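**Q** Pasting in a structure now, in structure tokens, and then I'll have a few things to ask.
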Amino acid sequence: MSNSILLSAKGIHKSFEDENGGAPLEVLRGVDIDVPEATITSIVGSSGSGKSTLLHIVGGLDKPDSGSVLWGNTDISSLKNNELATFRNKNIGFVFQFHHLLPEFTAIENIAMPALISGKSIEEATERALKLMERFGVAERRNHRPTQLSGGEQQRVSMARALMNEPKLILADEPTGNLDDANTQIILDMLFELRDRDGVSVLLITHEKSIAQRSDILLEIKSGTIS
Ligand SMILES: Nc1ncnc2c1ncn2[C@@H]1O[C@H](COP(=O)(O)OP(=O)(O)OP(=O)(O)O)[C@@H](O)[C@H]1O
Ligand SMILES: [Mg+2]
């Protein structure tokens, strides 16, 4: 593959202490991963193998015990918390299995939020949020709160929110795990369109073989390493 590398994680180790005083659980034991620009990478692996842990580290939501997460020359695992929050907000969009939308805000407010946090005006943020809602077919639901949306609509709103600041990378942790076949297809087609139309890279955790097979790169986590 000739696409240049967007992000490179090297030698990632992560253990969790055992609360009962037993040996720490070594989840990641030296994981290396390169994410090229404009590609879809799927990560598969059994439950508890460390997929979410890896995604959180790559996205700067958690720190590795050792190893580096490089964006160009920046090692994001060494950034201070406030620098990291700014970096994430600008460069990474997150989509989770359960949407993590804020229940007290409407769909359009949820989508506009990352832009407001980064200092955009309400007018500018709302205008872009509405465009994204139209693109994902949820514009007529703009004033609904998350509980008033279907699962598929919630997930499309989450995708729109993830794209608000035009990130280069989408990190998706089983984004279709909670959806029926039709909605799964819609979300997947959106991810592939993002790659093709916007040059976005997607790092995707999935249990579904059909998705994994459609990806540009397929990685498996096993015994704390990637093959
Ligand atoms: N904060 C934490 N403290 C202690 N143990 C943790 C913590 N987070 C994860 N673990 C443990 O680390 C292991 C890997 O968890 P992780 O969530 O990364 O797995 P996963 O591959 O995403 O699994 P699944 O497919 O079920 O979502 C599990 O055994 C889990 O119990
Ligand atoms: Mg997980």
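**Q** Condition (residue is crowded, with 16+ Cβ neighbours inside 10 Å, part of a strand (DSSP E or B), in contact (Cβ under 8 Å) with a residue 40 or more places away in the chain and out of contact with any Gly (no Cβ under 7 Å at 6 or more places or on another chain)) applied to region 25-34: is it met by at least one residue?
**A** Among the residues of region 25-34, at least one is crowded, with 16+ Cβ neighbours inside 10 Å, part of a strand (DSSP E or B), in contact (Cβ under 8 Å) with a residue 40 or more places away in the chain and out of contact with any Gly (no Cβ under 7 Å at 6 or more places or on another chain), which makes the answer yes.
**Q** Now a separate question. Could we say that Ser68 is of a type in the set (Gly, Ala, Ser), touching a helix residue (DSSP H, G or I) at 6+ places or on another chain (Cβ under 9 Å), over 22 Å from Met164 (Cα atoms) and modelled with pLDDT of 95 or more here?
**A** When the stated conditions are applied, Ser68 passes them.
**Q** Can you tell me which residues in region 97-131 are out of contact with any Ser or Thr (no Cβ under 9 Å at 6 or more places or on another chain) and on the phi > 0 side of the Ramachandran plot?
**A** Once the filter is applied, which keeps residues that are out of contact with any Ser or Thr (no Cβ under 9 Å at 6 or more places or on another chain) and on the phi > 0 side of the Ramachandran plot, region 97-131 yields only Gly119.
**Q** Across region 61-75, what is the number of residues that are closer than 16 Å to Ser15 by Cα and either more than 13 Å from ligand 1 (Cβ to nearest atom) or among the basic types (Lys, Arg) (or both)?
**A** Residues in region 61-75 being closer than 16 Å to Ser15 by Cα and either more than 13 Å from ligand 1 (Cβ to nearest atom) or among the basic types (Lys, Arg) (or both): 4 in total.
**Q** I would also like to ask the following. So, of the residues in region 50-107 that are small (Gly, Ala, Ser) and within 16 Å of ligand 2 (Cβ to nearest atom), which turns out to be farthest from the chain's Cα centre (by Cα)?
**A** Once the filter is applied, the top-ranked residue is Gly50.
**Q** Looking only at region 52-75, count every residue that is assigned to a loop (DSSP other than H, G, I, E, B), in contact (Cβ under 8 Å) with a residue 24 or more places away in the chain and surrounded by fewer than 17 Cβ atoms within 10 Å (Cβ to Cβ) and tell me the total.
**A** Total satisfying the criteria: 3.
**Q** Sticking with this structure for a sec: Is region 126-139 home to any residue that is of a type outside the set (Asp, Glu), loosely packed, with under 14 Cβ neighbours inside 10 Å and over 18 Å from Met190 (Cβ atoms)?
**A** no
**Q** What pairs can you find where one residue is in region 88-100 and closer than 12 Å to Leu61 by Cβ and within 14 Å of ligand 1 (Cβ to nearest atom), the other is outside any loop (DSSP other than H, G, I, E, B) and aromatic (Phe, Trp, Tyr), and their Cβ atoms are less than 8 Å apart, with a gap of 6+ or different chains?
**A** Every condition considered, no pair remains.
**Q** Collect the residues in region 94-130 that are of a type in the set (S, T, N, Q), over 16 Å from Asn165 (Cβ atoms) and modelled with pLDDT under 95, keeping them in residue-number order.
**A** Gln97 - this is the single residue of region 94-130 that is of a type in the set (S, T, N, Q), over 16 Å from Asn165 (Cβ atoms) and modelled with pLDDT under 95.
The values are calculated or read from the model by the stated rules, or taken from the named source; none is laboratory data. Please read these numbers as outputs of a predicted model, since none were measured by experiment. Note that we place each Cβ from the backbone using ideal geometry, even for glycine, and neighbour counts take in every protein chain shown.
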